[in-house]
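Working notes, structure below.
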Amino acid sequence: MEQKPAEQKPVVFSGIQPTGVFTLGNYLGALKNWVRLQDDYRCVYSVVDLHSLTVRQEPRELRENTLRSLALLLACGIDPEKSVLFIQSHVHTHAELTWVLDCYIPFGELGRMTQFKDKSGAHPENINAGLFNYPALMAADILLYRAASVPVGADQKQHLELSRNTAIRFNNIYGDTFPVPEPLIPKDTGRVMSLQEPTKKMSKSDINPKAYVSVLDRPETIIKKFKSAVTDSETEVAFREGKDGVNNLLIIYCAVENLTIEQAEAEFAGKGYGEFKLRVGEAVAEHLRPLQERCERLYADKAYLGECYRKGAEKALAISKRTLEKVYKKVGLIVP
Ligand code: TYM
């Protein structure tokens, strides 16, 4: 198929927080999709460091994690020549559009966000206004680039709904300004589950490090974590209701080995859980190995990372400034 010129392709936007490690959930739920979309869409991807400030960060650690996140995105296959890749705080339009949008989002709608409820429950000592406003910043991220699609995991669906409502509300008042963005959530890997409590989402903030796999975990650590993954009291490796642990492992295995569930079930027919879990661990470790090697090389090359984020910010600013000015004019601000 002939490639369309970049400006005719629909826009995709997504972001990832640079807090701690990237988990296998982030990778299979979002990042693999980000990479895949680069040929058919005009992709804009961001390390959303401003979002991370909603939870207290150690400044030196946040700086390191931000650069490592950038290196990881490049290592996963985000190509800075094809896609716009930048660090959110480098592009001032994000904070500016957030303020305007904040004035068009009802308090009640923000208060209903389950992530706000969960995070304020987890950090009762720091329930700050940023945590509450978080989805407004997310809406600004997306709407600034007039994104049509947003590749995310299932946990971001509610935030996406708020972005859509905000775009619709603004368009209703001021006329067509923003495309209404669609979530792109993978059917199988949209919700990768904890290895220890497979009815819960795999999360890097889990207090039990055995519950999640970091994409930078050493191969032996990955294998160990899979060996201790919680399954069930049966013996059959099959995908069906009630077998949350096994289902999760099958989904992970199929994603890294590019298999269908039926193929994986056939491979493990008559085999025990021990052998199955070991094989999933090995497959994940093998899949991540080249990515880890690339990440290490890229992280060491600070000059390249600097060049990459400066160029990315320039491109992101050029696109987003046009939207911000349009919005400012529509609401009655004087654009100098
Ligand atoms: P964050 O940084 O928590 O996660 C990044 C992406 O990883 C997905 N994800 C998962 N997918 C499947 N299974 C899991 N267990 C799993 N855990 C995480 C998330 O859904 C997400 O797609 N608010 C966002 C970042 C953001 C953003 C945006 C996203 C800021 N602005 C604009 C899209 C558009 C977040 O905290 O993602």
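Values computed for the structure shown
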item	result
Per-region count, the range 107-147, residues more than 15 Å from the ligand (Cβ to nearest atom) and aliphatic (A, V, I, L, M)	2
LYS326 touching a residue at least 12 places away in the same chain (Cβ under 8 Å), open to solvent by 70 Å² or more (accessible area, probe 1.4 Å) and in a helix (DSSP H, G or I)	yes
Yes/no for LYS225 being assigned to a loop (DSSP other than H, G, I, E, B), of a type in the set (D, E, K, R) and either in the same structural domain as PRO290 (by TED's automatic domain parsing) or out of contact with any helix residue (DSSP H, G or I) (no Cβ under 8 Å at 6 or more places or on another chain) (or both)	no
Qualifying residue in the range 136-153 (condition: under 26 Å from ILE207 (Cβ atoms) and in a helix (DSSP H, G or I))	yes
Scope the range 114-132; condition out of contact with any Leu (no Cβ under 7 Å at 6 or more places or on another chain) and within 21 Å of GLN57 (Cβ to Cβ); matching residues	GLN115, ASP118, GLY121, ALA122, HIS123, PRO124, GLU125, ASN126, ILE127, ASN128, ALA129, LEU131
Complete set of residues in the range 228-258 that are assigned to a helix (DSSP H, G or I) and more than 30 Å from GLU296 (Cα to Cα)	ASP244, GLY245, VAL246, ASN247
Residue tally, condition of a type in the set (D, E, K, R) and farther than 22 Å from GLN196 by Cα, over the range 258-285	2
Enumeration of residues in the range 259-314 that are acidic (Asp, Glu) and assigned to a helix (DSSP H, G or I)	GLU262, GLU265, GLU267, GLU275, GLU282, GLU286, GLU293, GLU296, GLU307, GLU314
Qualifying residue in the range 230-252 (condition: hydroxyl-bearing (Ser, Thr, Tyr) and open to solvent by 80 Å² or more (accessible area, probe 1.4 Å))	yes
Lone qualifier among ALA300, ALA255, ALA266, ALA285 - being among the small types (Gly, Ala, Ser), without any contact (Cβ under 8 Å) to a residue 24 or more places away in the chain and under 26 Å from PRO209 (Cβ atoms)	ALA300
Selected residue [touching a strand residue (DSSP E or B) at 6+ places or on another chain (Cβ under 6 Å) and in contact (Cβ under 8 Å) with a residue 60 or more places away in the chain] from TYR27, TYR41	TYR41
Count - residues of the range 54-92 that are of a type outside the set (S, T, N, Q) and free of Cβ contacts under 8 Å to residues at least 40 places away in the same chain	7
Tally, over the range 176-196, of residues that are crowded, with 20+ Cβ neighbours inside 10 Å, within 12 Å of the ligand (Cβ to nearest atom) and part of a loop (DSSP other than H, G, I, E, B)	8
Scope the range 197-208; condition open to solvent by less than 70 Å² (accessible area, probe 1.4 Å) and free of Cβ contacts under 8 Å to residues at least 24 places away in the same chain; matching residues	ASP206, ASN208
Residue satisfying condition, being open to solvent by less than 10 Å² (accessible area, probe 1.4 Å), closer than 20 Å to ARG297 by Cβ, within 14 Å of the ligand (Cβ to nearest atom) and at pLDDT 95 or above, within set SER69, SER14, SER52, SER46	SER69
Candidate set: the range 154-164, residues that are near the ligand (Cβ under 8 Å from one of its atoms) and open to solvent by less than 10 Å² (accessible area, probe 1.4 Å); chosen: the one nearest to PHE132 (Cα to Cα)	HIS159
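The values are calculated or read from the model by the stated rules, or taken from the named source; none is laboratory data. Just so you know, these numbers come straight off a predicted model, no measurement behind them. Every residue, glycine among them, receives a Cβ derived from its backbone with ideal geometry; neighbour counts consider all protein chains shown. Quick note on the areas: whole protein, heavy atoms, side chains included, nothing else; ligands and nucleic acids left out. Shrake-Rupley method; radii C 1.70, N 1.55, O 1.52, S 1.80 Å.
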